[in-house]
Amino acid sequence: MDVLEKLAILTDAAKYDVACTSSGVDRSGQPGKTGSTVASGICHSFAADGRCISLLKVLMTNQCVYDCKYCVNRTSRDTQRTAFAPRELADLTINFYRRNYIEGLFLSSGVLKSPDYTMERMIEAIEILRTEYSFNGYIHVKSIPGADNSLIQRMGLLVDRMSVNIELPSEDSLGQLAPQKTPEAILRPMGLIRAGIEENKSDLVVYRHAPKFVPAGQSTQLIIGATPDSDHRILTLSEGLYKKYNLKRVFFSAYTPIVDDPMLPSLFSAPPLLREHRLYQADWLLRFYGFTANEIVDAKNPNMNLAIDPKCNWALRHLDQFPIEVSRASYERLLRVPGIGVLSARKIVQARRTCSLTFEGLRKLGVVLKRARFFVTCQGKVDEGVIIRPDTVLRGLLSKNDLRMLPAASGDQMTFLDVPDMARSLGGMPVNAYGYLPEKGTRENAKQYEFGIHI
Amino acid sequence: MQNNTNLVYIYDGTLEGFLCCVYESYVRHEIPVQIRTEEDAGQPLLLEETEWIRTDMEHAGKIYESIDRKIALEAQDFIREAFLTCLPDKEIFMYRFIRMGYQYGRSVMDRLTDDTVGALIKAVRNLRRESHNFMGFVRFTIYDGVMVSCISPKNRVLPLLSDHFTNRYPDETFLIYDRTHQMAVVHKPEGTLLTAMHHLSLPPIDDAEKAYHTLWKCFQKTIAIEERHNPKCQMNHMPKRFWADMTEFES
Ligand code: SF4
């Protein structure tokens, strides 16, 4: 098989992994080497689905001895299999990189023969890149569940980011859909990578030139909508991962039905894109806005109200804390205002040092007032034409985009508590219009991942 | 200071030339209403009083240094970047910014609601965004070992791109040609040169190069998930004006 055919197959098999950022590490170029990295990451193209293309995202092989139910590469599926030779992949990467098609490589793989064997082949490809081709660009690798610690160590010294995909948000789901994987096989390498990064930090203090271990940190991915796991479970899991494992990012991947299986959403259900979008918004609130998972959803209301973004949702439930006064409110309080993001909050804090802010002034700063105007005052005044009542606020908050993304938005009559429940079942599990699977029985005592596993 | 309502300064189009306009305005105690280059000047308007300002490196240096001393070090970078933007009449905005800076000092950078400061900040942000976009969207085609790229940016992004790609490919030989401003950056392992260039003709590409174009197109197409098809989102992130020079969209 020629490289073009292999590339087509191994790209197609890798496309469901959503992480494609090249961020997290600034590394200047060096004479004698090819490449550099930029902390913010760089997008090189955008695919027809609107997602950023930053890295050459491929699998080492789509052969796999495992049989995870949700996966296109599972062993029981009838599909064409192939594998890159390590040098083939290294050549492709360096040649794409020199033409500025990509920031680097994102390598994942099915399990060929055994986890260790697979990791060794991946390491071989990356060693060719790093040593023979002096490649100094970005590399993100998915560690193979079950691989030996020493291989994870070796890999960690070669790459910028290493991640382990959790995929399923609870142990129960894992047991049902990926019975050959254990929570231990996922959490152990995550713990190992975290420990490696910490140890490396203290090494770097002593020896400035100590080789860096996973300098851009680790990330993971959760599949959304393949299991009945609630948003509460997903967000508390994410929060725990940020805190306990120092993860840089948790990515969410709306499940695209690719497999006909009674345990999974039917082949005819659409990927729950709106839910994925709202989870990313909630994730931002966790990472940059000082929110906790329990402020966004709790055990009583375990799923988000998808009609409206999570920050607006929070604000509507806490109208007593508004309006806030723009000329005095702290940066943290400003961040709680719907429509005011990190950039706007910073600009407000900066601009009010030299003048007193009016709504006109806010507009000049480029603060989008469409939502914010319902929640703030300037010098004690509300914006012209604004009446702060729950119903007016709600109408003001719904963007055209929100309305478009809602499955059965009927404009005026819709209230934000009204979540239509359109079953779209045609085989497989019925899914409601928002991509939530029905929860069976009480999930209260469903088994969650145990944190604090140490190695 | 005399505010002369029809005084126009003409300069040579360099940053130093612009700084000399600032210098002269202080020496002559007069405030121009416009500062522009010879090419932009065209026919002088009725009642317009034009003054040609000669570029003097020493005067330019004095003003440049005073920006750091009287305003802030960031203001120097800001002025250099503002000069690269495509903001219409950027010179007069920059001139007013420097005057305000002498008056208010460092805090001029915080006056985000002021029209002059606001316009410049917006223009600089736009420049940075465009330059960041091009760091990703530039496509090199390799001709006999030389990497060549053509772009049509709105702002003068070449100095920024030059730093980025020189750092990234120190040992390569590459050329980026900016059609809009008829400029090019040429990098060789021995050094980098920013130069005027009015025309660039290229030989046909060889088979090895064609093969990489095909591989890249295949990857770019295959990585999209059909169920998530969203061309509007694609276009928002990567407006059509960039496509013409990108390998993945060539026919
Ligand atoms: S181990 Fe990975 S590649 Fe193999 S079936 Fe499971 S998810 Fe798919």
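For region B:49-71, check the following and say yes or no: at least one residue is in the same structural domain as B:E24 (by TED's automatic domain parsing), among the hydrophobic types (A, V, I, L, M, F, W, C), over 18 Å from B:T14 (Cα atoms) and open to solvent by less than 90 Å² (accessible area, probe 1.4 Å).
Initial filter on region B:49-71 (in the same structural domain as B:E24 (by TED's automatic domain parsing)): B:49-71.
Subsequent filtering for residues that are among the hydrophobic types (A, V, I, L, M, F, W, C) retains B:52-53, B:57, B:60, B:63, B:67, B:71.
Now drop any that are not over 18 Å from B:T14 (Cα atoms), which leaves B:71.
Among the residues that remain, those that are also open to solvent by less than 90 Å² (accessible area, probe 1.4 Å) are: B:71.
For region B:49-71, residues in the same structural domain as B:E24 (by TED's automatic domain parsing), among the hydrophobic types (A, V, I, L, M, F, W, C), over 18 Å from B:T14 (Cα atoms) and open to solvent by less than 90 Å² (accessible area, probe 1.4 Å): present.
List pairs: first residue in region A:324-338 and over 15 Å from A:F359 (Cβ atoms), second residue open to solvent by 10 Å² or more (accessible area, probe 1.4 Å) and among the small types (G, A, S) anywhere in the structure, Cβ distance under 6 angstrom, at least six positions apart or on different chains. From residues that are over 15 Å from A:F359 (Cβ atoms), the pairs are A:E332/A:G290.
Condition check: open to solvent by 40 Å² or more (accessible area, probe 1.4 Å), away from the ligand (no atom under 16 Å from the Cβ) and without any contact (Cβ under 8 Å) to a residue 60 or more places away in the chain. Does A:D148 satisfy that? Quick ask: steps written out before the conclusion?
On the way: open to solvent by 40 Å² or more (accessible area, probe 1.4 Å): yes; away from the ligand (no atom under 16 Å from the Cβ): yes; without any contact (Cβ under 8 Å) to a residue 60 or more places away in the chain: yes.
Answer is yes for this residue.
Within 14 Å of chain B (Cβ to nearest Cβ), assigned to a helix (DSSP H, G or I), away from the ligand (no atom under 16 Å from the Cβ) and under 16 Å from the mean Cα position of the chain (by Cα), is that true of A:R233?
On the way: within 14 Å of chain B (Cβ to nearest Cβ): no; assigned to a helix (DSSP H, G or I): yes; away from the ligand (no atom under 16 Å from the Cβ): yes; under 16 Å from the mean Cα position of the chain (by Cα): yes.
When the stated conditions are applied, A:R233 does not pass them.
Among the residues of region A:15-39, how many are at the interface with chain B (Cβ under 8 Å from one of its Cβ atoms) and either in contact with a helix residue (DSSP H, G or I) (Cβ under 8 Å, 6 or more places away or on another chain) or over 17 Å from B:N167 (Cα atoms) (or both)? Quick ask: steps written out before the conclusion?
Step one: filter region A:15-39 for residues at the interface with chain B (Cβ under 8 Å from one of its Cβ atoms), giving A:15-16, A:28-36, A:38.
Now narrow it down to the ones that are either in contact with a helix residue (DSSP H, G or I) (Cβ under 8 Å, 6 or more places away or on another chain) or over 17 Å from B:N167 (Cα atoms) (or both): A:15-16, A:28-29, A:34-36, A:38.
Residues meeting the conditions: 8.
Exactly one residue among A:T82, A:T37 is within 16 Å of the ligand (Cβ to nearest atom) and either under 22 Å from B:N230 (Cβ atoms) or among the β-branched types (V, I, T) (or both), and that residue is A:T82.
State the number of residues belonging to region A:169-184 that are near the ligand (Cβ under 10 Å from one of its atoms) and farther than 17 Å from A:T75 by Cα.
In the first step, residues of region A:169-184 are kept if they are near the ligand (Cβ under 10 Å from one of its atoms); the result is A:177-178, A:180-181.
Narrowing further to those that are farther than 17 Å from A:T75 by Cα: none.
Final tally of qualifying residues: 0.
Within region A:108-127, the residues that satisfy the criterion of being open to solvent by less than 20 Å² (accessible area, probe 1.4 Å) and away from the ligand (no atom under 16 Å from the Cβ) are A:I123, A:A125, A:I126.
Screening the candidates A:F46, A:F96 for the property of being open to solvent by 10 Å² or more (accessible area, probe 1.4 Å), closer than 30 Å to B:H237 by Cα and more than 16 Å from the ligand (Cβ to nearest atom) yields one hit, A:F46.
Can we say A:D283 is under 23 Å from the mean Cα position of the chain (by Cα) and surrounded by 21 or more Cβ atoms within 10 Å (Cβ to Cβ)? So A:D283 fits the description; yes. When A:V214, A:V159 are checked against the criterion of being modelled with pLDDT of 95 or more and part of a loop (DSSP other than H, G, I, E, B), A:V159 stands alone in meeting it.
Taking residues in region A:159-187 that are under 30 Å from A:K212 (Cβ atoms), and partners anywhere that are near the ligand (Cβ under 10 Å from one of its atoms) and open to solvent by 30 Å² or more (accessible area, probe 1.4 Å), the pairs with Cβ atoms closer than 7 Å and at least 6 places apart or on different chains are A:A185/A:G146.
Kindly indicate whether any position in region B:113-125 is more than 22 Å from the chain's Cα centre (by Cα), small (G, A, S), at pLDDT below 95 and open to solvent by less than 50 Å² (accessible area, probe 1.4 Å). No - not one qualifying residue is present in region B:113-125.
Report, ordered by the first and then the second residue, all pairs with beta carbons closer than 7 Å, sequence separation of six or more or different chains, a first member in region A:61-88 that is closer than 21 Å to A:E124 by Cα and within 14 Å of another protein chain (Cβ to nearest Cβ), and a second member that is away from the ligand (no atom under 14 Å from the Cβ) and open to solvent by 40 Å² or more (accessible area, probe 1.4 Å). Note: pairs meeting the criteria are A:T82/A:M1; A:E88/A:V3. Scan region A:134-144 for residues that are buried (at least 23 other Cβ atoms within 10 Å of the Cβ) and in contact with a helix residue (DSSP H, G or I) (Cβ under 8 Å, 6 or more places away or on another chain) and the total you get is 5.
Counting only residues that are touching a residue at least 12 places away in the same chain (Cβ under 8 Å) and facing chain A (nearest Cβ under 9 Å), how many does region B:222-251 have? Give the steps one after another, and end with the answer.
If we filter region B:222-251 for residues that are touching a residue at least 12 places away in the same chain (Cβ under 8 Å), which is where we start, we get B:238, B:241-242, B:244-248, B:250.
Now narrow it down to the ones that are facing chain A (nearest Cβ under 9 Å): B:238, B:246-248.
So the count comes out to 4.
Among the numbered conditions (1) open to solvent by less than 80 Å² (accessible area, probe 1.4 Å); (2) part of a helix (DSSP H, G or I), the only one that A:K364 does not meet is (1).
Conditions (1) at pLDDT 90 or above; (2) more than 24 Å from the chain's Cα centre (by Cα), marked per residue:
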residue: A:F252; (1), (2): yes, no
residue: A:V259; (1), (2): no, no
residue: A:P265; (1), (2): no, no
residue: A:G290; (1), (2): yes, no
residue: A:L334; (1), (2): yes, yes
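The set of residues from region B:151-164 being surrounded by fewer than 19 Cβ atoms within 10 Å (Cβ to Cβ) and over 22 Å from B:G191 (Cβ atoms) comprises B:S152, B:K154. In this structure, A:S23 does not qualify as surrounded by 18 or more Cβ atoms within 10 Å (Cβ to Cβ), over 23 Å from the mean Cα position of the chain (by Cα) and within 29 Å of B:N236 (Cβ to Cβ).
The values are calculated or read from the model by the stated rules, or taken from the named source; none is laboratory data. Since the structure is predicted, the reported quantities are computational estimates derived from the model, not experimental observations. With ideal geometry, Cβ positions are generated from the backbone for all residues, glycine too; neighbour counts draw on all protein chains shown. Note: areas computed on protein heavy atoms with side chains; ligands, DNA, RNA excluded. Shrake-Rupley method; radii C 1.70, N 1.55, O 1.52, S 1.80 Å.
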